[in-house]
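Only one structure is covered here, and it is reproduced in the block below.
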Amino acid sequence: MPERDLSALYRDIESREADLVALTRDLIRFPTINPPGDAYLACAEFIGNRLRARNFEVEYVRALGSPGDSDAYPRWNLVARRAGSRPGPCVHFNSHIDVVQTGAGWSLDPFAGLVRDGKVYGRGACDMKGGLAASIVAIEALIDSGADLPGALELSGTVDEESGGFGGVHYLAERGWFSPPRVDHVIIPEPLNVDRVCIGHRGVWWAEIVTHGRIAHGSMPFLGDCAVRHMHAVIERFERDLYPRLAARRTAMPVVPVGARQSTLNINSIHGGHAELADGFPAACVPDSCRMIIDRRLLIEESLAGVKSEMRALLEQLVLEREGFRYDLRDLFEVAPTLTDARGPVASATAAAIAGVLGREAQFVCSPGTYDQKHIDRIGKLKDCIAYGPGILDLAHQPDEYVRIEDMVNSAKVMATAAWDLLGAGPSSASGRDHGRDHGRGPHYGA
Ligand SMILES: [Zn+2]
């Protein structure tokens, strides 16, 4: 196979910096706020029109009947595919086009795409229109280089990631858009930073615990049974037994921040007793129910079944020990943890590209919360998926969100190199060295 000239590719991507900035600004100007899910089709069509110019076949898929889908706010997704010179693997870049509410505290227009001090500002600049723009420019540069590209390149702009992905990647994955043999490798340009490869995320279990009591007059609480006191007993067990146990449970997952390398439990909310009267005056009653919502984050070393039975055992123990203790436990939402092999094709190709572009070792990380990788893994049954993109995760969802232009350019180089590599191109000649890696094409996944 001929040597690849990565230096020429990098120079070409550098020459596209103004185009990359303009594209990012254009994407930010679509106010794709979710909820409710504004401007989805306009944004998707903008991307589709651009890719058509590079001979992509563009399809728009509406997630009919998904949560939030309506004629006023249709859930439109874009999938673009460009077949290569001959059969081969498919490399797919998936970005969500929705952004969260702007919230208070902005010192500039969130949808103007202001450029200042080497940064592009705006809602979604970091999460994740900067990453989307970088992946588009990476693909265009790779195509324009005239390189022989077997297989296929795909790019999707999907919606509703910020509300669970049901009208986006979840919907598409259920219909085969994210499964082999159509797709082999996926890069999600979420803002994990320019030198980090995100290989997975912790799992989540949301549940409701209700304790029951017996109503009575507030002046004679001994005639009733207080559901709030029963809930207090639950929290006391959390403090005494569960929290120390969770804190001691460490994971081999390289989660960032480091504080999230353990099991965690958040008490989201608690409501007990009868509502006050309209004028704020309390009802003189013993509470007969108390409701708590919990958010349990789990590690790859844990199972959802194990996490649930641990909670149930704690509650059953109270049934045995505490007079009158009755409860209900109900599942609200769950996602199993996801972890792909850091030595798998997409992770190792991206890490090698980071080392080549930035001259430093890539860091492998996991996300404390979930993103669309869960749907690609669980529904699409596609393991070879990572998140990699410019932007600093801490800035996501914040006021005055921004992405650094230099990081976008560098990540575009990384994405183009990794894609080229995964499509099965020849050895690299960038800076005259090969990265000496072997990513055997057969799957060899760990966890
Ligand atoms: Zn995101």
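Tell me whether region 247-258 contains one or more residues that are at positive phi and crowded, with 23+ Cβ neighbours inside 10 Å. No, that holds for no residue.
If you check Ile215, Ile199 for being aliphatic (A, V, I, L, M), open to solvent by 40 Å² or more (accessible area, probe 1.4 Å) and either touching a Leu at 6+ places or on another chain (Cβ under 7 Å) or away from the ligand (no atom under 16 Å from the Cβ) (or both), only one passes: Ile215. Evaluated against (1) in a loop (DSSP other than H, G, I, E, B); (2) of a type outside the set (A, V, I, L, M, F, W, C); (3) open to solvent by 60 Å² or more (accessible area, probe 1.4 Å), Glu45 falls short on exactly one condition, (1). Of the listed requirements (1) part of a helix (DSSP H, G or I); (2) within 30 Å of Ile267 (Cβ to Cβ); (3) β-branched (Val, Ile, Thr), Val137 misses just one: (2). Select from region 169-191 the residues that are in contact with a helix residue (DSSP H, G or I) (Cβ under 6 Å, 6 or more places away or on another chain) and not in a strand (DSSP E or B) and list them in ascending order. Result: Val169, His170, Ala173, Phe178, Pro189, Glu190, Pro191.
Looking only at region 328-384, residues that are of a type in the set (A, V, I, L, M) and in a loop (DSSP other than H, G, I, E, B) come to 5 in all.
For Ala362, the conditions (1) closer than 29 Å to Tyr10 by Cβ; (2) surrounded by fewer than 24 Cβ atoms within 10 Å (Cβ to Cβ); (3) within 15 Å of the ligand (Cβ to nearest atom) all hold with the exception of (3).
Every condition in (1) in contact (Cβ under 8 Å) with a residue 60 or more places away in the chain; (2) more than 16 Å from the ligand (Cβ to nearest atom) is met by Ser95 except one, and the failing one is (2). Among the residues of region 385-401, those identified as under 18 Å from the mean Cα position of the chain (by Cα) and either within 13 Å of Gly130 (Cβ to Cβ) or not in a strand (DSSP E or B) (or both) are Tyr388, Gly389, Pro390, Gly391, Ile392, Leu393, Asp394, Leu395, Ala396, His397, Gln398, Glu401.
Suppose the filter is part of a strand (DSSP E or B) and either in contact (Cβ under 8 Å) with a residue 12 or more places away in the chain or within 16 Å of the ligand (Cβ to nearest atom) (or both); does Ser156 pass it? Against the criterion (part of a strand (DSSP E or B) and either in contact (Cβ under 8 Å) with a residue 12 or more places away in the chain or within 16 Å of the ligand (Cβ to nearest atom) (or both)), Ser156 qualifies.
The values are calculated or read from the model by the stated rules, or taken from the named source; none is laboratory data. Values in this document were obtained by computation on a predicted structure and should not be read as measured data. When we count neighbours, we look across all protein chains shown, and the Cβ atoms used for this are built from the backbone with ideal geometry, even at glycine. Ligands, DNA and RNA are stripped out before the accessible areas are found, and what is left, the full protein with its side chains, is counted by its heavy atoms. Shrake-Rupley method; radii C 1.70, N 1.55, O 1.52, S 1.80 Å.
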